[in-house]
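Structure record follows, encoded as structure tokens.
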Amino acid sequence: MIQFIGVHKWFKKLHVLNDINLHVKPGEVMVVCGPSGSGKSTLIRTVNQLEPIDKGQLIVDGMDLADKKTNLNKLRAEVGFVFQQFNLYPHLSVLSNITLAPIKIRKTPRKEAEEQAMKLLERVGLAEKRDSYPSQLSGGQQQRVAIARALAMKPHIMLFDEPTSALDPEMIGEVLAVMQDLAQSGMTMVVVTHEMGFAREVAHRVVFMDQGIILEQADPEEFFKNPQHERAQQFLRQLL
Ligand code: ADP
Ligand code: MG
């Protein structure tokens with residue numbers, strides 16, 4: 001589903017992605033962790049070309065991102081993105097937040113888009129909030145709407161950038177539960193998170209990044225029991 005082959009990226013002199021080689025298989029859930037500033041956000045932002053790469057090859061769902069002919073709109077429709085700061089449209093109701101892109105981009109008829117949106121709202125446990133506005137919801141509820149909104153485009157891949165980092169502790173669990181449900185449904189997912197419980201229980205693989213380099217890629221069990229690099233050991237100790 002996602003193939004990084006010798007990918008590099010620089011911000012001026014900063015080598016933010018340094019020879020990234022990574023394969024994500026269909027249905028795989030990969031957790032990316034590492035210290036702040038290690039390049040995790042940049043890494044997942046390259047997957048839907050929010051950040052272009054400078055060198056190497058990146059293939060996403062069969063589309064070569066170096067190829068000028070690759071249709072960015074098609075790519076972004078197939079790759080859902082959930083941000084730390086929800087980014088819901090404040091002036092739109094919950095239902096309209098979810099139906100906007102399917103109606104505008106996928107040209108789904110309104111009635112059908114609304115039916116799909118209601119199914120998604122039920123799935124994330126928020127059917128009764130359809131007419132609320134984002135400001136009337138808790139952070140955890142807003143993030144669940146943001147997930148439903150991403151799913152409304154029927155993506156093949158879902159990317160999450162620290163989806164629970166802006167939440168009060170009591171709301172983290174409800175968002176992780178929705179993500180776990182999604183993982184169990186077979187969605188291909190790349191999740192930047194420091195929620196190591198989620199990594200241990202849900203991820204098929206954990207990637208540890210430091211200074212733009214993937215230092216470790218391992219089975220979660222292996223990674224937590226026996227991290228190979230001193231930097232990874234240090235990182236895990238800090239989380240305890
Ligand atoms: P992480 O998500 O692991 O905290 P980021 O990918 O956000 O790391 O950032 C990696 C490095 O790249 C940091 O040093 C950050 O300051 C820098 N960086 C991120 N985005 C930009 C940008 N648009 N321009 C310049 N530097 C950036
Ligand atoms: Mg980040």
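The values are calculated or read from the model by the stated rules, or taken from the named source; none is laboratory data. If you're wondering where the values come from, they're calculated on a predicted model, not measured in any experiment. Note that each Cβ is placed from the backbone with ideal geometry, even for glycine, and that neighbours are counted across all protein chains shown. What goes into the accessible areas is simple: the full protein's heavy atoms, side chains included, and nothing from ligands, DNA or RNA. Shrake-Rupley method; radii C 1.70, N 1.55, O 1.52, S 1.80 Å.
Residues being open to solvent by 20 Å² or more (accessible area, probe 1.4 Å), in contact with a strand residue (DSSP E or B) (Cβ under 8 Å, 6 or more places away or on another chain) and without any contact (Cβ under 8 Å) to a residue 40 or more places away in the chain: count how many of those fall in the stretch 182-198. Reasoning before the result, please.
Within the stretch 182-198, the subset open to solvent by 20 Å² or more (accessible area, probe 1.4 Å) is 184-187, 194-197.
From the residues that got through so far, the ones that are in contact with a strand residue (DSSP E or B) (Cβ under 8 Å, 6 or more places away or on another chain) too are 187, 194, 196.
Of the ones still in play, those that are also without any contact (Cβ under 8 Å) to a residue 40 or more places away in the chain are none.
Total meeting the criteria: 0.
Only one residue in E174, E201, E222 is open to solvent by 40 Å² or more (accessible area, probe 1.4 Å), in contact with a strand residue (DSSP E or B) (Cβ under 9 Å, 6 or more places away or on another chain) and either at pLDDT below 95 or part of a helix (DSSP H, G or I) (or both), so which one is that?
Numbers: E174 fails: in contact with a strand residue (DSSP E or B) (Cβ under 9 Å, 6 or more places away or on another chain); E201 fails: in contact with a strand residue (DSSP E or B) (Cβ under 9 Å, 6 or more places away or on another chain).
Residue meeting the stated conditions: E222.
Spot the failing condition for Q141; the list is (1) open to solvent by 20 Å² or more (accessible area, probe 1.4 Å); (2) assigned to a loop (DSSP other than H, G, I, E, B); (3) touching a helix residue (DSSP H, G or I) at 6+ places or on another chain (Cβ under 9 Å), and only one is missed.
Tallying (1) open to solvent by 20 Å² or more (accessible area, probe 1.4 Å); (2) assigned to a loop (DSSP other than H, G, I, E, B); (3) touching a helix residue (DSSP H, G or I) at 6+ places or on another chain (Cβ under 9 Å), Q141 fails exactly one: (2).
Quick one: in the stretch 225-237, of everything that is under 14 Å from C33 (Cα atoms) and touching a strand residue (DSSP E or B) at 6+ places or on another chain (Cβ under 8 Å), which residue is surrounded by the fewest Cβ atoms within 10 Å (Cβ to Cβ)? It would help to see each step written out before you state the result.
Narrowing the stretch 225-237 to residues under 14 Å from C33 (Cα atoms): 227, 229, 231-237.
From what is left, the residues that are touching a strand residue (DSSP E or B) at 6+ places or on another chain (Cβ under 8 Å) are 227, 229, 231-232, 235.
Numbers: P227: 20, H229: 12, R231: 19, A232: 22, F235: 20.
Filtering the stretch 225-237 for residues that are under 14 Å from C33 (Cα atoms) and touching a strand residue (DSSP E or B) at 6+ places or on another chain (Cβ under 8 Å), the one surrounded by the fewest Cβ atoms within 10 Å (Cβ to Cβ) comes out as H229.
Does the stretch 144-167 hold any residues that are outside any loop (DSSP other than H, G, I, E, B) and of a type in the set (D, E, K, R), and which are they? Please lay out each step first, then the result.
Initial filter on the stretch 144-167 (outside any loop (DSSP other than H, G, I, E, B)): 144-151, 157-161.
R144, R149, D161 - these are the residues of the stretch 144-167 that are outside any loop (DSSP other than H, G, I, E, B) and of a type in the set (D, E, K, R).
Out of all the residues in the stretch 26-36, is one or more more than 15 Å from ligand 1 (Cβ to nearest atom), touching a Ser or Thr at 6+ places or on another chain (Cβ under 7 Å) and among the small types (G, A, S)?
Yes, that holds for at least one residue.
Assuming L215 fulfils every condition listed in (1) under 23 Å from P169 (Cβ atoms); (2) open to solvent by 10 Å² or more (accessible area, probe 1.4 Å); (3) among the aliphatic types (A, V, I, L, M) apart from one, which condition is it?
Result: L215 passes all but (1).
Scan the stretch 38-84 for residues that are within 16 Å of ligand 2 (Cβ to nearest atom) and open to solvent by 50 Å² or more (accessible area, probe 1.4 Å) and jot them down.
Passing the criteria: R45, L50, F83, Q84.
Taking only pairs six or more apart or across chains, which ones have beta-carbon atoms under 7 Å, a first residue in the stretch 105-117 that is in contact (Cβ under 8 Å) with a residue 40 or more places away in the chain, and a second residue that is in a loop (DSSP other than H, G, I, E, B) and surrounded by 13 or more Cβ atoms within 10 Å (Cβ to Cβ)?
R106/M153
Looking only at the stretch 1-17, count how many residues are open to solvent by 70 Å² or more (accessible area, probe 1.4 Å) and either in contact with a strand residue (DSSP E or B) (Cβ under 9 Å, 6 or more places away or on another chain) or within 16 Å of ligand 2 (Cβ to nearest atom) (or both). Talk me through it step by step, then tell me what you get.
Taking the stretch 1-17 first, the residues open to solvent by 70 Å² or more (accessible area, probe 1.4 Å) are 10-14.
In the following step, the residues that additionally are either in contact with a strand residue (DSSP E or B) (Cβ under 9 Å, 6 or more places away or on another chain) or within 16 Å of ligand 2 (Cβ to nearest atom) (or both) were identified as 10-11, 14.
Residues flagged as open to solvent by 70 Å² or more (accessible area, probe 1.4 Å) and either in contact with a strand residue (DSSP E or B) (Cβ under 9 Å, 6 or more places away or on another chain) or within 16 Å of ligand 2 (Cβ to nearest atom) (or both) within the stretch 1-17 amount to 3.
Six or more apart or on different chains, Cβ under 8 Å: which pairs go from a residue in the stretch 1-27 that's touching a residue at least 40 places away in the same chain (Cβ under 8 Å) to one that's among the aliphatic types (A, V, I, L, M) and in a loop (DSSP other than H, G, I, E, B)? Could you list them?
Here the result reads V7/I53; H8/I53; K9/I53; L17/I53; V24/M1; K25/M1; P26/M1; G27/M187, each pair linking the stretch 1-27 to a residue that is among the aliphatic types (A, V, I, L, M) and in a loop (DSSP other than H, G, I, E, B).
Identify, from the list G80, G37, the residue that is closer than 23 Å to F198 by Cβ and in contact with a helix residue (DSSP H, G or I) (Cβ under 7 Å, 6 or more places away or on another chain).
Numbers: G37 fails: in contact with a helix residue (DSSP H, G or I) (Cβ under 7 Å, 6 or more places away or on another chain).
The match here is G80.
Can you pull out the residues in the stretch 201-212 that are away from ligand 2 (no atom under 16 Å from the Cβ) and within 18 Å of Q234 (Cα to Cα)?
Across the stretch 201-212, the qualifying residue is only V206.
Might you check whether a residue that is assigned to a helix (DSSP H, G or I) and more than 17 Å from K154 (Cα to Cα) occurs anywhere in the stretch 89-100?
Checked the stretch 89-100: at least one residue is assigned to a helix (DSSP H, G or I) and more than 17 Å from K154 (Cα to Cα).
Just give me the residues in the stretch 18-35 being within 17 Å of the chain's Cα centre (by Cα) and either within 12 Å of ligand 2 (Cβ to nearest atom) or in a strand (DSSP E or B) (or both), in sequence order.
L22, H23, V24, V29, M30, V31, V32, C33, G34
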